[in-house]
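The values are calculated or read from the model by the stated rules, or taken from the named source; none is laboratory data. These numbers come from a predicted model, not from an experiment. Virtual Cβ from ideal backbone geometry, glycine too; neighbours counted across all protein chains shown.
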Amino acid sequence: MGAGLVNRAAATKKAAFRRPSKEKTMQPKLIIFDWDGTLADTTGPIIETVRQSFYECGLAKPPADRIRNLIGHSLAQMMHLLAPDADAHKHEELVETYAALYLHPDNRQMRLFPDALPALDTLKARGFWLAVATGKGRSGLDLAIAQTRTADYWLATATASEYPSKPAPDMVLEICGELGLMPSESLVVGDTAYDLEMAANAGARGVGLTTGAHDAETLRGAPNIGILPRLAELPALIASL
């Protein structure tokens, strides 16, 4: 996918997605997923790559829990928060080192949670439109989508290299605008409070998953309509709306 939200095949994809029934007005038309920790089991690899980046840049490795709490922010913002005393050059070096490590051709750590594809298949078959809003950069998301062969699921994607980092509402607003929907017609699904706050800031609803960076207590502290232990339970929750 290119830097835009929807690639040139979007019109064809949209035709393949049935519009959800209007009988249940509380059900969303669009489901916007976070990627890391929500669809993909990547929390551990992200933490280790951040720590290795600090080591290679001559800085002390930050604690794993500190990194975990910041997952969901853009990479640049995360590095700034982890190394507040470093100058702009060092922050840039950290970002570049992380990208080189994480996007290396030998890095094949990208794997979806076992219930991700079945859940996506169920939702797509029911006519819901699917999108991604992630703290990853564009190159990172494109690689992840290619490795997991999920390009045909997404009508739209937005990354933190194109829009302000979560919890800013921009990614949700841009996706909804591109697809001709109101934010209230969308549901954001993510593993961090930043995802849920992004949804609320945009006027959308949010569902938290305890499969990634933030625990249930942290997620409950953000606006939500449900906290789930696994993605497999999402279709049933949506059906109950």
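Within the stretch 81-97, is even one residue within 30 Å of Arg205 (Cβ to Cβ), in a helix (DSSP H, G or I) and not assigned by TED's automatic domain parsing to the domain that holds Thr192? Yes, that holds for at least one residue.
A residue that is closer than 22 Å to Glu48 by Cβ, touching a His at 6+ places or on another chain (Cβ under 8 Å) and not assigned by TED's automatic domain parsing to the domain that holds Leu219 occurs nowhere in the stretch 120-140. The C-beta contact set for the stretch 201-214 (first residue surrounded by fewer than 24 Cβ atoms within 10 Å (Cβ to Cβ), second residue part of a helix (DSSP H, G or I) and basic (Lys, Arg), distance under 6 angstrom, 6+ apart or interchain) is empty.
Within the stretch 146-153, identify whether any single residue is buried (at least 17 other Cβ atoms within 10 Å of the Cβ), modelled with pLDDT of 90 or more, in contact with a strand residue (DSSP E or B) (Cβ under 9 Å, 6 or more places away or on another chain) and over 15 Å from Thr42 (Cα atoms), and answer yes or no.
Yes, the stretch 146-153 has at least one match.
Among the conditions (1) under 24 Å from Gly208 (Cα atoms); (2) assigned to a helix (DSSP H, G or I); (3) hydroxyl-bearing (Ser, Thr, Tyr), the only one that Tyr55 does not satisfy is (1).
The helices (runs of 4 or more DSSP H) located wholly in the stretch 122-241 that include 2 or more residues which are touching a Pro at 6+ places or on another chain (Cβ under 6 Å) and not hydroxyl-bearing (Ser, Thr, Tyr) occupy 170-179, 193-202. Would you confirm whether any residue within the stretch 222-237 is within 12 Å of the chain's Cα centre (by Cα), at pLDDT 95 or above and more than 23 Å from Leu81 (Cα to Cα)? Within the stretch 222-237 (the criterion being within 12 Å of the chain's Cα centre (by Cα), at pLDDT 95 or above and more than 23 Å from Leu81 (Cα to Cα)), the answer is no, since none of the residues qualifies. The single condition among (1) in contact with a strand residue (DSSP E or B) (Cβ under 8 Å, 6 or more places away or on another chain); (2) under 26 Å from Pro229 (Cα atoms); (3) at pLDDT below 95 that Phe128 does not satisfy is (3). Lys14 passes every criterion in (1) modelled with pLDDT under 75; (2) more than 25 Å from Ala199 (Cβ to Cβ) apart from (2).
Specify the residue that is surrounded by the fewest Cβ atoms within 10 Å (Cβ to Cβ); the eligible residues are those in the stretch 48-76 that are touching a Lys or Arg at 6+ places or on another chain (Cβ under 6 Å) and within 13 Å of Leu101 (Cβ to Cβ). Working first, answer last.
The first filter runs over the stretch 48-76 and keeps only residues touching a Lys or Arg at 6+ places or on another chain (Cβ under 6 Å), leaving 51, 54-55, 61, 72.
Then drop every residue that is not within 13 Å of Leu101 (Cβ to Cβ), which leaves 51, 54-55.
Values: Arg51: 18, Phe54: 21, Tyr55: 12.
Among those residues, the one meeting the criterion is Tyr55.
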